[in-house]
Amino acid sequence: MTNKVTKAGSISRRRLLTTASAGAVLAVSPFRINLVRAEEAPIKIGFPVPLTGPYGAEAQDQVRAGQLAVAQFNDAGGLNGRKAELVVRDDKLNPGEAATRTLELVEKEKVNFVVGSLSAAVQLAINNVTKERGVIFNSISQSDAINEAADFSKFTFHEALNPHMTSGAVGRYAFTKFGKKVAFLTADYAYGHEMVRGFLEVGKEFNIENLGDVRHPLGTTDFSTLLPRLQALKPDILCISNFGRDQQIALKQATDFGIKKSIQIIAPLLSHASRVAAGPQAFEGVVGGCSFYWGIEDKFASTKAFNDAFRKMYDGKLPTDYGALGYGGVRTVLEAVKSAGSVETDKVVAALEALKYDYYKGPQYYRKCDHQSVQSVLVIKSKSKDMKNESDVFEVLSTEEPNEKNLRSCEALGHKA
């Protein structure tokens, strides 16, 4: 019995050597190397954003544009044939949920990088997870805290504007044109607080008078008790420092109260998606800031190329401000992967730090000390007349060109000189 099994299961010495030789040849052949590369796992980019909740429209734009960046990378051959994949998760605009989803992306999905977020508090929760696990995170949401030494790590990058940049640009424009007496309606969380701080900081240059700051919780649907208090202060400027659905409702009700008749309303950040959702009447005459507007395509070839690619992929639609951030956040990471020739974290960090880029809005680069993207800030005004198309909702009033002087200094953020 044993002999039969041995005979039937045995392989001759000559056959064994022949097979081994063939395997050795296959292992070192270009065909085999290409086969192994083709079978490599995709380069995974985790993408936690608030698909549900008051910022859902902006988050959907982020996903669409992020998918465009991945498609372009893959169509260009990826990393030596290795393709990328966007792994989207809903963080529900909740820091705890965001931390859970990010942990899932890192440990279960084995993502190589994380890009995303649309809330100051949420992005800090994501950043806590990624920096502890040594995963690159490129934030596409506004925050000042993420640049500060206490929250920063070498794995942290910030493609979005920050409140100091945004409120600074809008303040420098508004305080020279609309008056010095300023009142604030502020969302009572990190984003709102940081925006007000930025306005007050730039306001020192213009000797503005702070008449008061009325705060409201995230998700407020009725401002009828707050707006009359602000109106009674008789400011020249009412600064509404909130976002998404909160901003839409506040502006609609401010319009109903007739506040615009005697007070100029400004906002540190105007969202394309919010303007479309609320309509022209609510946003009529409001001045604010943004990181991107599709209409600057006559100024930058990169904007025109981005717009055209987005139109082609999404049936003629045009990208929005937060969509552009999704695109920039993903594309910079993938371009750094190409430059590094690797997905190894330290090599990609070095490539991102060296990156000088113009992918969608003009020149940008990441500042060494805090990895903040140094970039332009647009000051815009909502429009309702002479619109070229349904996406032509803003007029660009001015542009602050990229300038590190408009950022908080590295020393102020707690970084060593």
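The values are calculated or read from the model by the stated rules, or taken from the named source; none is laboratory data. Everything numeric in this text was worked out from a predicted model, so none of it was measured. Cβ atoms come from the backbone with ideal geometry, glycine included; neighbour counts cover every protein chain shown. In case anyone asks, the SASA skips ligands and DNA or RNA and just uses the protein heavy atoms, side chains included. Shrake-Rupley method; radii C 1.70, N 1.55, O 1.52, S 1.80 Å.
Leaving out ligands, DNA and RNA, and with a 1.4 Å probe, what % of the accessible surface on the chain is carbon or sulfur? Each step should come with its number before you reach the end.
On the way: 9260 of 17870 Å².
Answer for the chain: carbon and sulfur cover 52 percent of the accessible area.
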Fill in: Rh by Kirkwood over Cα pairs, then Stokes-Einstein D for the chain at 0.692 mPa s and 37 °C, µm²/s
143 µm²/s
Discussion item. Can you compute 3J(HN,Hα) from phi for each residue in the stretch 321-329, using the Karplus curve 6.51 cos²θ - 1.76 cosθ + 1.60 with θ = phi - 60°, rounded to whole Hz and x for Gly and Pro?
Written reply: 4, 6, x, 4, 5, x, 5, x, x
Item to complete: Straight distance only, please: which lysines reach the Cα of Lys347 with their own Cα at less than 27 Å, same-chain residues fewer than 8 apart left out?
Response: Lys44, Lys83, Lys108, Lys110, Lys131, Lys154, Lys338, Lys356, Lys361, Lys368, Lys416
Worksheet entry | Partnerless cysteines, meaning none of the other Cys C-beta atoms lie under 4.7 Å away, in the chain | Cys239, Cys290
Practice prompt. Just tell me which aspartates and glutamates come within less than 18 Å, Cα to Cα, of Lys204; anything on the same chain fewer than 8 places away is out.
Written response: Glu194, Asp213, Asp236
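Let's see if you can work this out: charge +1 on each Lys and Arg Cβ, -1 on each Asp and Glu Cβ, no other charges. What is the dipole magnitude of the stretch 178-334 about its Cα centre, in debye to the nearest 20? All intermediate terms of the calculation are to be shown ahead of the outcome.
Values: 18 positive and 16 negative charges, 33 e Å.
For this selection, approximately 160 debye.
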Worksheet item: Using a Gaussian network for the chain with springs between C-alpha atoms less than 10 Å apart, which of these wobbles most: Lys356, Lys44, Lys204?
Response: Lys204
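All other residues with a Cβ under 11 Å from the Cβ of Tyr314 taken together, and with Lys, Arg as +1 and Asp, Glu as -1, what is their net charge?
On the way: positive: Arg64, Arg311, Lys312, Lys317; negative: Asp61, Asp315.
Cβ neighbours under 11 Å give a net charge of +2.
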Worksheet, complete the sentence: Output ordering of 104-115, 233-244, 216-227, 79-90 (per-residue mean of other Cβ within 10 Å, highest first) is 233-244, 104-115, 79-90, 216-227
Worksheet item: Can you give me the Cα centroid spacing of the stretch 343-382 and the stretch 136-186 in angstrom?
Response: 15 Å
Worksheet item: If you take every DSSP beta bridge whose two residues both sit in the chain, what share of them, in percent to the nearest 5, is antiparallel?
Response: 30 percent
Worksheet entry | Whole-angstrom gap from the stretch 99-127 to the stretch 316-336, using each part's C-alpha centre | 18 Å
Worksheet item: Which value, in Å³ per residue, describes the convex hull spanned by the Cα atoms of the stretch 38-188?
Response: 142 Å³
Discussion item. Just to confirm, what accessible area per residue do you get for the chain at 1.4 Å probe, in whole Å²?
Written reply: 43 Å²
